[in-house]
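Following: one structure in structure tokens, then a few remarks.
The values are calculated or read from the model by the stated rules, or taken from the named source; none is laboratory data. Predicted model only: the values in this text are computed from it and were never measured. Please note: Cβ atoms are built from the backbone with ideal geometry, for glycine as well, and neighbour counts cover all protein chains shown. For the accessible areas, the whole protein counts, side chains as well, though only heavy atoms, and no ligand, DNA or RNA atoms are used. Shrake-Rupley method; radii C 1.70, N 1.55, O 1.52, S 1.80 Å.
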Amino acid sequence: MNADIELRDVYKVYRKGRIEIPVLEGLNLQITEGEFVAMMGPSGSGKSTLLHLMGGLDVPTAGSVRIGDARLETMNEQELTAWRSRHVGFIFQLYHLVPVLTAAENVELPLLLFHMSASERKERVATALEVVGLADRMDHRPNQLSGGQEQRVAIARAIVTDPDVILADEPTGDLDAKTSLEILNLLNLLNTEFGKTILMVTHDPKAAAHAKRVLHLNKGVLERDEMNGLFEATEASI
Amino acid sequence: MLRLTYLYRNLTRNRLRTGLTLAAVALPIMIYVLSMAVVDGVERFLENSAKQLRLAVTQKASIVNPLPAGHRPKIEALDPTRTRLISVCGLRWIGGKIERDPRPLSTLGVDHDTFAATFPDYRLTPEELDVWARDRRALIAGRATARQFGWKVGDRVTIHPSVPPYIPMEFNIISTAEDAEDPITLICRLDYIEERLKEEGWAQGLVNFFFVKCATKADVDYYTVAIDELFAGSTHETKTQDEKAFMNEFITQQFDLPRNLTILAGVTVFVAVMAAANTMSMNFRDRTSEIATLKSMGFSSRFVFTQIQAESLLLCTIGGLIGALGPYIAFMHTRLGNLTVPLIQHLEISPTVVLEALAISVLIGIIAAVWPSWLAMRMKVVTALRSLE
């Protein structure tokens with residue numbers, strides 16, 4: 001599937017009782033398949049909301065969100081759920097692994113949504129864990145892994161279904177500098193080697209420096225959209 | 001397989017909580033099973049009473065007030081041919097204990113000449129009947145009571161009555177009534193009690209009630225009315241009812257066991273629902289992020305609803321199995337089954353009660369998970385993720 005992303009006149013308003021809180025105000029954006037985009041901005045600028053809209057976790061109050069051929073604003077919850085399982089992989093700041101399952105079982109979870117034999121699932125899990133460098137930690141539970149390893153498992157879980165888009169919400173927010181760099185390098189690898197479109201929300205300019213393009217949001221509007229000058233330098237260091 | 005692994009691991013995630021919840025379901029189910037076994041036992045007892053074609057005649061005002069023994073010939077006179085009204089037997093309760101033993105006895109003095117005809121369900125042998133007729137001190141000991149006190153045929157026992165004549169009375173055990181429906185009660189001759197009452201200067205010629213054996217169900221219905229009409233307007237009016245109604249009233253007046261046990265069972269099952277619902281709610285709260293993540297991956301609302309329902313069902317069904325099969329095995333397949341319970345004798349736990357209990361466990365599981373699974377199903381991933389930030 002073509003994974004170009006297009007947002008047109010997107011508004012998102014949250015309601016708290018009678019109070020309306022505008023989060024996104026007429027946002028227009030185009031992201032080409034295979035891009036690695038970082039989204040920055042102060043708290044409340046709308047970057048996570050934008051990520052959720054592009055991941056089909058939420059729908060815009062007005063405007064359209066198109067990912068490839070899919071018009072997300074026209075889909076109901078059931079359709080969005082089915083769409084997410086096939087086209088999007090999420091990576092969260094706090095990993096959100098299932099603590100009672102092993103690394104391999106955590107990675108296998110999203111494959112349950114596909115008609116796939118157990119051996120095929122096993123093969124896919126092994127590949128995903130190998131990509132993130134955790135093939136030797138398959139049978140470890142999350143509490144037996146470091147923060148960085150947990151995030152790697154979360155990344156393996158996000159890529160195991162071979163999604164078109166990977167959405168990462170502060171993926172290095174809970175990690176130290178060295179581990180953050182490992183995770184960012186891994187995301188770069190997924191982008192450059194596997195051609196995944198990656199959208200990453202971050203507060204950290206060092207993390208954003210790993211993306212090819214940086215979007216700056218402020219008060220619900222796209223303030224700056226720039227190609228990353230640091231990218232080449234970062235790429236050279238990998 | 002992973003689904004089952006996930007289900008199993010979720011249940012063992014917090015072992016203490018799971019263990020306590022299992023106990024909170026198993027114990028009420030156990031109480032339910034035992035209560036229903038007693039209720040069933042009482043029903044069986046009453047059904048057996050209904051089969052005996054017997055009437056119980058008591059004082060109209062209260063069962064506590066005695067009736068004159070002189071009522072017997074008057075009742076017998078209602079059918080001199082003895083074809084419809086087969087026999088009348090007066091009974092006087094003396095309770096009693098044996099020396100230096102606090103366990104109470106249930107001893108009844110009966111008209112020895114009509115006892116066998118009125119209570120053929122005691123199935124006394126001709127030899128036993130012969131001794132019963134000759135020995136004023138004869139005692140037919142209920143087999144369970146006999147075993148409890150280590151008595152056997154031929155033993156001589158001394159009973160201290162709880163009511164007049166109060167003085168110790170010696171008895172000779174002539175039978176342990178192995179085939180009788182009632183394994184508890186001790187039966188002695190009323191003429192022996194009368195003799196001791198006379199010696200001690202107590203009032204004689206009184207009984208607590210008469211039992212009247214009839215030939216058919218129609219005779220039971222007929223004499224229920226005829227006996228009361230006979231004594232209407234006298235100083236000792238009677239209240240006549242069939243044995244089942246009498247026993248039922250006796251049980252109800254004394255402790256209303258079936259009703260109270262049913263209430264107890266209902267309340268404990270309700271407690272189990274509360275405990276299981278609390279556990280499932282806590283499980284849901286602890287796993288908000290996990291459920292949100294599952295939904296973000298593409299697992300449907302129906303999946304998370306089913307997942308929580310399945311966990312609750314499995315937990316409560318295991319609890320139910322422990323609670324239902326535990327007493328079933330204990331009372332039906334171990335020596336605990338020899339334990340006698342007043343009135344209903346042996347506690348019989350029917351497979352039907354076990355199945356009912358399991359069905360209730362399943363129902364507890366479903367009800368307990370309704371709210372958390374509904375919340376999980378309705379949960380907005382974005383809202384859940386925001387709450388965790």
**Asked** When all protein chains stay in place, what accessible area (Å², nearest 10, 1.4 Å probe) is found for residue A:194?
**Response** 110
**Prompt:** So what's Rg/Rh here for the range B:263-389, counting alpha carbon atoms and using the Kirkwood radius for Rh?
**Reply:** 1.18
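Of A:115, B:333, A:87, which has the most accessible area and how do the rest follow, probe 1.4 Å?
A:115, B:333, A:87
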**Asked** Summing -39500 (n - 2.57) over the DSSP H runs of n ≥ 4 in chain A and dividing by its residue number, what mean residue ellipticity at 222 nm do you reach, to the nearest 500 deg cm²/dmol?
**Response** -9500 deg cm²/dmol
**Item:** With every protein chain in place, the range B:61-236: carbon and sulfur % of accessible area (1.4 Å)
**Value:** 55
**Request:** Whole Å is fine, so just give me how far the alpha carbon centre of the range B:288-334 lies from that of the range B:347-389.
**Result:** 7
**Message:** Using the Cα centre of the protein assembly as shown as origin and beta-carbon charges of +1 (Lys, Arg) and -1 (Asp, Glu), tell me which of B:220, A:5, B:91 is placed farthest towards the positive end of the dipole.
**Reply:** B:91
**Asked** Using a 1.4 angstrom probe with every protein chain in place, what is the largest-first accessible-area order of B:151, B:93?
**Response** B:93, B:151
**Request:** For residue A:21, tell me the accessible area in Å² from a 1.4 Å probe, rounded to the nearest 10.
**Result:** 70
**Request:** Using only Cα atoms, figure out Rg for the range B:67-114 and give it as a multiple of 2.2 N^0.38 Å.
**Result:** 1.61
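Over chain B, average the accessible area per residue using a 1.4 Å probe and give it in Å², no decimals. Don't jump to the answer; show the numbers that get you there.
Working: 18210 Å² over 389 residues.
About 47 Å² of surface per residue is accessible.
If DNA, RNA and ligands are ignored and the probe is 1.4 Å, what is the ranking of A:200, B:332 by accessible area, most exposed first?
Details: A:200 0, B:332 75 Å².
Order by accessible area, largest first: B:332, A:200.
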**Asked** Of all the Cα-Cα pairs you can form in the range B:61-236, what percent are over 22 Å apart?
**Response** 47
**Complete:** Computed for A with B: buried accessible area summed over both chains, 1.4 Å probe, rounded to 100 Å², at 2300
**Message:** What would the Debye equation give as log₁₀ I(q)/I(0) for chain B at q = 0.09, 0.10, 0.11, 0.15 Å⁻¹, counting only Cα atoms as equal point scatterers?
**Reply:** -0.67, -0.75, -0.84, -1.26
**Message:** Across the range B:103-156, what fraction of all alpha-carbon pairs, as a whole percent, falls in each successive 10 Å bin from zero upward?
**Reply:** 20, 56, 24, 0
**Message:** For chain A, what does the accessible surface come to per residue with a 1.4 Å probe? Please give it in Å².
**Reply:** 44
**Message:** P(r) for the protein assembly as shown, please, calculated from all Cα pair distances in 10 Å bins and given in %.
**Reply:** 3, 13, 17, 14, 9, 7, 7, 8, 9, 8, 4, 1, 0
**Item:** Span-like helix ranges in chain B, DSSP H, alpha carbon extent 18 angstrom or more, Kyte mean at least -0.5
**Value:** B:15-51, B:217-231, B:257-286, B:301-333, B:351-378
**Asked** For the range B:147-189, what are the per-bin percents of Cα-Cα distances with bins 5 Å wide, up to the bin holding the maximum?
**Response** 5, 18, 29, 26, 15, 6, 0
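Run the helix sum for chain B: -39,500 (n - 2.57) per DSSP H stretch of 4+ residues, divided by residue count, reported at 222 nm to the nearest 500 deg cm²/dmol.
Values: 14 runs with 224 residues, N = 389.
Dividing the helical sum by the residues of chain B leaves -19000 deg cm²/dmol.
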**Asked** Rg and Dmax of chain A, Cα atoms, in Å?
**Response** 17.6, 53
**Message:** What figure, in Å² to the nearest 10, do you get for the accessible area of residue A:140 with a 1.4 Å probe and non-protein molecules left out?
**Reply:** 60
